[in-house]
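The values are calculated or read from the model by the stated rules, or taken from the named source; none is laboratory data. As the structure is a computational prediction, the values presented were derived from the model and not from experiment. For neighbour counting, all protein chains shown are included, and Cβ atoms are generated from backbone atoms with ideal geometry for every residue, glycine included.
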Ligand SMILES: *Cc1c(COP(=O)(O)O)cnc(C)c1O
């Protein structure tokens, strides 16, 4: 069952309330799996009956506290979606015309669009040959006096060398934003991804590991950044704690901002979905390991991608590398069984091959070589062992 239209949702909601054990799952062999259970419905219903259902409703604060507890960071802040979250960081850093923002050409369009909308210039930094680490040599070449920010995007939840590149950027006064929309719960060196850059944003769109339908959250270290992001999120309403603003707390018209708030109804779903994350991770890790090991035993031609990090666990979907010709055959065979590899779904290509971003093209030969060799397989908790074996048999037949 798929929650598509409002009408369907209402019918489902009625059905779920009258059948408390019903469990929703996406039937397609997709990496989108939303499990709505009784506790999710109760949480949303409780939010609906609270004093406020706006972005200032109590469920938003609660979700933020739950996130801070899970990720063990001082501050978290929800916003309307991760694309807008990236835009908020550009506003916070006052990045605009004349400024350069580094990003990998392997990122999705959602990462680059805010840069163009801020009027800044995107500069593409290549990956290492055959993996998704940022190439340090290329990074050093692409940094200029105009560089203000680097956005790191670990694709499909595989941790990359964000620790190393954050050190390099910090030494040059360049801020780092982790776009961790695939990485809820991924660890690097015993810390969750999100602890390495200056800021981290995680989307909670329905395709991500923690969902609120649409939405996103930040992990933030510095109180001053937190206060200023609060201001940006809500029309510039004064939140900063400097003594000179003590008497104007909550006033408008001192600072600029827009409206990037998440509604309390979405946040209520986030709190219960977050509780499921450890269990999801466990199953996804098992599924990913099983698929990778079976493929490994079957052939030398197909290998799970590796960034060479201490922990290679990832939970979004697994990504394998093969020859260009075999990759095309595998994607097609999978597609015939309704299993759509992410690179196929998104017509994955270096961003600068798309017309809108072509003016910013720069040489990224490693990204160009890597992309046509990879395919992804879903590993989510809604899949059975038989379904994983089906994926394997389809691949064996190519
Ligand atoms: C999903 C995604 C986004 C955008 O998230 P939204 O919340 O849908 O705006 C940004 N970056 C990456 C890497 C994503 O996967």
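Below is a table of values for the structure above.
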read-out: Matching residues in the stretch 344-371 - criterion: being loosely packed, with under 15 Cβ neighbours inside 10 Å and either in contact (Cβ under 8 Å) with a residue 40 or more places away in the chain or under 19 Å from the mean Cα position of the chain (by Cα) (or both); value: 345, 346, 347, 354, 356, 361, 363, 365, 369
read-out: Answer residue from the stretch 88-117, given it is surrounded by fewer than 22 Cβ atoms within 10 Å (Cβ to Cβ) and outside any loop (DSSP other than H, G, I, E, B) and is farthest from the ligand (Cβ to nearest atom) among those; value: 100
read-out: Among residues of the stretch 186-205, those that are in a loop (DSSP other than H, G, I, E, B), touching a residue at least 40 places away in the same chain (Cβ under 8 Å) and within 15 Å of the ligand (Cβ to nearest atom), counted; value: 4
read-out: Filtered residues of the stretch 288-322 (kept if touching a strand residue (DSSP E or B) at 6+ places or on another chain (Cβ under 6 Å) and over 22 Å from residue 187 (Cα atoms)); value: 302, 321
read-out: Near pairs, Cβ below 9 angstrom, 6+ apart or cross-chain, from the stretch 113-134 (within 18 Å of residue 304 (Cα to Cα)) to any residue that is part of a strand (DSSP E or B); value: 127/134; 128/134; 130/321; 131/321; 132/319; 133/127
read-out: Count - residues of the stretch 198-219 that are buried (at least 24 other Cβ atoms within 10 Å of the Cβ) and over 15 Å from the mean Cα position of the chain (by Cα); value: 0
read-out: Total residues in the stretch 67-86, condition surrounded by 20 or more Cβ atoms within 10 Å (Cβ to Cβ) and more than 10 Å from the ligand (Cβ to nearest atom); value: 5
read-out: Any hit, the stretch 156-164, residues being assigned to a helix (DSSP H, G or I), at pLDDT 95 or above and away from the ligand (no atom under 15 Å from the Cβ); value: yes
read-out: Filtered residues of the stretch 134-155 (kept if outside any loop (DSSP other than H, G, I, E, B), within 12 Å of the ligand (Cβ to nearest atom) and farther than 23 Å from residue 91 by Cβ); value: 155
read-out: Within the stretch 168-184, considering residues that are in a loop (DSSP other than H, G, I, E, B) and within 11 Å of the chain's Cα centre (by Cα), the one nearest to the ligand (Cβ to nearest atom); value: 181
read-out: Residues of the stretch 119-135 classified as farther than 21 Å from residue 99 by Cα and either out of contact with any strand residue (DSSP E or B) (no Cβ under 8 Å at 6 or more places or on another chain) or surrounded by fewer than 16 Cβ atoms within 10 Å (Cβ to Cβ) (or both), total; value: 3
